[in-house]
1. Somewhere in the stretch 155-174, is a residue part of a strand (DSSP E or B), out of contact with any Pro (no Cβ under 8 Å at 6 or more places or on another chain) and modelled with pLDDT of 90 or more?
2. For a quick check of your reading of the model, give me the residue pairs whose first member lies in the stretch 428-448 and is in contact (Cβ under 8 Å) with a residue 24 or more places away in the chain, whose second is near the ligand (Cβ under 10 Å from one of its atoms) and part of a loop (DSSP other than H, G, I, E, B), with beta-carbon atoms closer than 7 Å and at least 6 apart or on different chains.
3. Give the residues of the stretch 395-416 that are under 22 Å from Asp358 (Cβ atoms) and not hydrophobic (A, V, I, L, M, F, W, C), sorted by residue number.
4. For the stretch 459-466, state whether one or more residues are among the aliphatic types (A, V, I, L, M), more than 25 Å from Asp282 (Cα to Cα), touching a Gly at 6+ places or on another chain (Cβ under 9 Å) and at pLDDT below 75.
5. Output the number of the condition that Leu382 fails; it satisfies all remaining conditions of (1) crowded, with 19+ Cβ neighbours inside 10 Å; (2) within 14 Å of the ligand (Cβ to nearest atom).
6. Pick from Ala355, Ala371: which is at negative phi and at pLDDT 70 or above?
7. Determine whether Leu215 is of a type outside the set (Lys, Arg) and assigned to a helix (DSSP H, G or I).
8. Give Gly283, Gly271 a once-over and let me know the one that is assigned to a loop (DSSP other than H, G, I, E, B) and buried (at least 18 other Cβ atoms within 10 Å of the Cβ).
Amino acid sequence: MTAGLTSDVPEPRHDRAILGLSDRCGCLLLVRHTTFRFCLNPTVEQHAALARHAGASRFAFNTSLRLVKHALTSKRSDPALVSWTGFDLINQFNAWKKTEAAGRVIAVDGSGAAEVARTGLGWRTEVCQQVFEEAAVDLGRALAAFTASRKGERAGRRVGFPRLKRKGRVVESFRLRNKRPKGGTPPIRVGDGAPRSVTLPGIGMVRVHDDTRHLRRLIATGRGRILFATVARRAGRWYVSLNVEAADLHPAVRHDPDHAAAAPHLGVDRGLHALAVAATADGGAAARFDNPRSLSAAMTKQRRLARAVTRKQKGSANRRKAAARLGRHHQQTRHRRHHALHAVADALTRHPRVALEDLNVTGMLGNHRLARSISDAAWTELARIVGYRQGWRGGQVVTVDRWFPTPQTCSECGAADPDLTHAQRTYRCAACGLERDRDLNAAMNIAAWADHAARDREATGPDTNARGEERSSRRARVGETSLSEAGTRHAAA
Ligand SMILES: [Zn+2]
């Protein structure tokens, strides 16, 4: 969009401190991370190649894990001697794949092409080498998470020691980095050859079902570049998720920091039946977002399909078919829900300050009711989407303590009604006589709580933005991303 930047795009820099300087000379700032997901339409050969890469990824993960386990048992006296950073794991695997031990493995598996005379992994040249490296990196992360969790340095649920990935039990997937040779073309490309296509190293140009226009435009104008691609098979289809580093949103869709700092919070309550109910402390900007009707119908269908699976004999072809039907249905529902959540998140983040009810997710896991667990999952996902979208827009998100009794408090006079039951759709205050929709009352309470907390923070110190933006970064800069190019998870039918 900017003259002089179309052909010779400067290499984007990562350091935000450096970025602050390059801003003045007109270089592009690629600071936002987003994902573009496309549904692949592979040929029969490509389908086999994708499955081979996913298998290789699983194989590399499992082999690396076995090497670590072996090292642990042989050096039992001092486990600290066993190194398991991603880097070490890559080197270990790369050394292993050329040994005779790896060669024997392929002779037993019998891929057809393997020669027993040669040592090393016979098919190692048939897949892109990065798949091995990325699988080792994944194992390194899993081991690091395990170590951190054991030392108590990691929040959330306890993380166990990584387990072997069993075929059929894990999502088939692999990851490829967009390692660009100096001055050369990047190996992962979009729309090279055909507009609706993604080119992957080791696999070639794969057609996709979705429109790639927004991403192509982002890359062509130097406002975005692909960092890596994750390819996964879900419900019988292959999808590619392209992780993109992109320029900030256009100032027109970003919040003015001066205005944002003074804006009242928009309280968001999940409601009893609604997906979300929003309002400011004085009842302004009130909005109610209902769950799409299609989702409740989908849940009925889900129960029916799940019953159909359990009725079929274990290990039978009919059971496999029924399970595939259920899987496809899950995937469709997921896409629909995602679409709805993005629409709600978009509406909410038009407000510069959003206050969300905090759900302690790990505390909710004991609940086995289907409707409840789906609602919890949707809320967690909505909070995540609102979080990063608000970050793109330069707004703020705060979470409200989950022990704050938002539904039981009067939003007008602050009196508490601890006896409020789930059946009561309207809040009636005994102290001041207020009658208000229960969810709206809760949303207004959340907003009031957040306003109050913000005033407290202002009294003690400066407030921070969702992404720690400096005010100067509001200045219009070259090549910003329009909202339509913000990046989405494309829902394919
Ligand atoms: Zn009252």
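1. yes
2. Short answer, once both residue conditions are applied: Leu434/Cys410; Leu434/Glu412; Arg436/Ser411; Asn441/Ser411; Met444/Ser411; Asn445/Ser411; Ala448/Ser411.
3. Of everything in the stretch 395-416, those that are under 22 Å from Asp358 (Cβ atoms) and not hydrophobic (A, V, I, L, M, F, W, C) turn out to be Gly395, Gln396, Thr399, Asp401, Arg402, Pro405, Thr406, Pro407, Gln408, Thr409, Ser411, Gly414.
4. To start, the set of residues in the stretch 459-466 that are among the aliphatic types (A, V, I, L, M) comprises 459, 466.
With the extra rule that they be more than 25 Å from Asp282 (Cα to Cα), the set shrinks to none.
Taking every residue of the stretch 459-466 in turn, none turns out to be among the aliphatic types (A, V, I, L, M), more than 25 Å from Asp282 (Cα to Cα), touching a Gly at 6+ places or on another chain (Cβ under 9 Å) and at pLDDT below 75.
5. (2)
6. Ala355
7. Here the answer is yes, as Leu215 does meet what is asked.
8. Details: Gly283 fails: buried (at least 18 other Cβ atoms within 10 Å of the Cβ).
Only one candidate qualifies: Gly271.
The values are calculated or read from the model by the stated rules, or taken from the named source; none is laboratory data. These numbers come from a predicted model, not from an experiment. When we count neighbours, we look across all protein chains shown, and the Cβ atoms used for this are built from the backbone with ideal geometry, even at glycine.
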